[in-house]
Amino acid sequence: MDDDSDTGGLAPLALLASALAGHPVAVSPTEPGDPSWTDGQTIFLDPGAAHPANLQSVAIHASMICAGSLDAQIMGSIVRQKHLARRYLVVEGHRALVANAAMLPPSLTGMADPGVAALSGSAAQSLWIARNRVDLAEPPAGFGVLRPRKVLAASAAAAKTDEHQVAGHVPRRQNRHRLEELGDDAVDDSDDPDLFSSPVGGGGFIGKWLSRLLSHARVGGGRRGGPPGADTPTHRTNSANRGAYAVASLAAVSAGEPADVTTDGLRYPEWDFGRGRYKPDWCTVREVPPRIKASATPRIDGAVAVRRPLARLGMGLHRRHRQPQGDDIDVDAAVEARVDVRAGSAPGEAVYLDSLRRQRDLSVLLLLDVSGSASEPGTAGRTVHQQQRAAAAHLTVALHDLGDRVSLYAYYSQGRTDVSMIPVKTFDEHLDSRVIRRLNSLEPGAYSRLGAAIRHGSAVLERRGGTSRRLLVVLSDGLAYDHGYERGYGAADARRALSEARRRGVGCVCLTIGAGTDTDALRRVFGSAAHATLAAPDQLAEVIGPMFRSALRACEVRRRTSPATNDSGGRKVC
């Protein structure tokens, strides 16, 4: 009990903090009178504060850790900006509490303001709101303060530790946490009777907390490979409403129901290049119904001449034998006719070869990146999203008019359990004004788990394309980034997903339009797939024909020469 007396009775709160954060988190005292804060690994509390106040501080800081609110990129953008950090804390704090409401005891759920929480659907959106002129109150006292510099320092130290652990032996003492300080006689002196009253393994809060802690212990901890909260489900936003006033959905998904792409989602593996193996069933992809904004128009921006270079795709000359007329002699038919004459029979007249145009045999799925990075300013005074959306519209119209089967999906993600695919146009839908209005209703937001989107897009092509020649066209700025899906990791997974698709006979074309992404960075993401960087959509006509033909030829060669393999088997591919 000496440790408890030294820390003002804070040690028992480590269990609550760890359960709410989703992985072990320590609790330590700060200077008396100082506000509470966290570096993402330890929550610092005033030992002289009242116990209910410290409970509130643990709830807010641990929930923000769980929700990925302390992402290094976001923390780096608010260093030395105290006013911005306070505003971000207000929005993101309430969002994190609402997202973690299922784990909070009833006495703490009242901390969250649902109205403020509904403004944001992700940490990135909370930062956007904080930077703009949205009226926000000061953060409640229990929220404490944000110290971005401390978060970045702790994150860098943890990354170095992770690198050491991956490269060599992990000392056992590094796996010991402050939770070991709780002795058998340690009790909670809270005046909240419902906090620890539930039996272990029951339906109460202690059962939920222990279940969460044990599940993270089984997978090797929740922090390796990404920022805090990378392994926890994040709530979805509607594609047409993602922005300053996006409304979050907290509907729970039952793991016991049959898999359905619109509800429970489909699961796909993810390539862990650091360990050189797949993470099976790692990402959950859901098809989100498209929404149409009242202000959306059926108009297509500009005029992009892509019809002519696409006109010959999927077509070729089909040589028909034994025709009554044609441009060449069918030798076999002519010999048989001569034999018939010599045998005294009437010869056949169908002794010609004719060259006929065969029907187009091509299905194309366009995959449009609508993550937050696409909202960045691009060339010609338009955002990257506006230019890639225009290119997607013209490609869809041209391919549809030429008789190809064409589908258009948009995608974004908020964690590995929430990769959203928006079917703007399916293969069996007719192209009409409603499809264009759906496309014009899309707004960029959230993150880009590109590998999962590619795997789902190629799976849709195989199941629903209905042709022998299939082509996946990815329109993206090449920034693959999400919780636990940093640049190097995300680039390797996207590159692997493209290789998987090509090995199964799906041609892949990657287009970056109007973005300033470095060419070397794009090469790391797209690998050996056919890709081009264009300053504007009107340059499509110069590259689209050769790129499509090259991708189709390459996939046909791979399909003929490569044996069938299991995608998650870890087989080395180009």
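A few notes on this one:
- Hey, Thr383 open to solvent by less than 50 Å² (accessible area, probe 1.4 Å), out of contact with any helix residue (DSSP H, G or I) (no Cβ under 7 Å at 6 or more places or on another chain) and closer than 30 Å to Asp418 by Cα or not: no
- Residue match in region 405-416 (condition: surrounded by fewer than 24 Cβ atoms within 10 Å (Cβ to Cβ) and assigned to a loop (DSSP other than H, G, I, E, B)): no
- Selection within region 491-535 - in a helix (DSSP H, G or I), free of Cβ contacts under 8 Å to residues at least 40 places away in the same chain and among the aliphatic types (A, V, I, L, M): Ala491
Yes or no, residue by residue, for (1) touching a helix residue (DSSP H, G or I) at 6+ places or on another chain (Cβ under 6 Å); (2) buried (at least 24 other Cβ atoms within 10 Å of the Cβ):
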| residue | (1), (2) |
| --- | --- |
| Gly344 | no, no |
| Pro347 | yes, no |
| Asp354 | no, no |
| Gln388 | no, yes |
| Ala392 | no, yes |
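- Meets criteria (at pLDDT 95 or above, farther than 25 Å from Leu540 by Cβ and open to solvent by 10 Å² or more (accessible area, probe 1.4 Å)) for Ala452: no
- Residue, most open to solvent (accessible area, probe 1.4 Å), within region 417-441, restricted to residues that are closer than 27 Å to His483 by Cβ and touching a Ser or Thr at 6+ places or on another chain (Cβ under 6 Å): Thr417
- Helices (runs of 4 or more DSSP H) contained in region 2-100 and holding at least 3 residues open to solvent by 10 Å² or more (accessible area, probe 1.4 Å) and among the acidic types (Asp, Glu): 2-6
- Qualifying residue in region 86-93 (condition: of a type in the set (Asp, Glu) and under 24 Å from Ala14 (Cα atoms)): yes
- Selection within region 476-526 - in contact with a Leu (Cβ under 6 Å, 6 or more places away or on another chain) and closer than 19 Å to Gln414 by Cα: Gly478, Ala480, Ala494
The values are calculated or read from the model by the stated rules, or taken from the named source; none is laboratory data. Only a predicted model underlies this, so the values are computations on that prediction, with no experimental measurement involved. Using ideal geometry, Cβ is built from the backbone for each residue, glycine included, and neighbour counts are taken over all protein chains shown. What goes into the accessible areas is simple: the full protein's heavy atoms, side chains included, and nothing from ligands, DNA or RNA. Shrake-Rupley method; radii C 1.70, N 1.55, O 1.52, S 1.80 Å.
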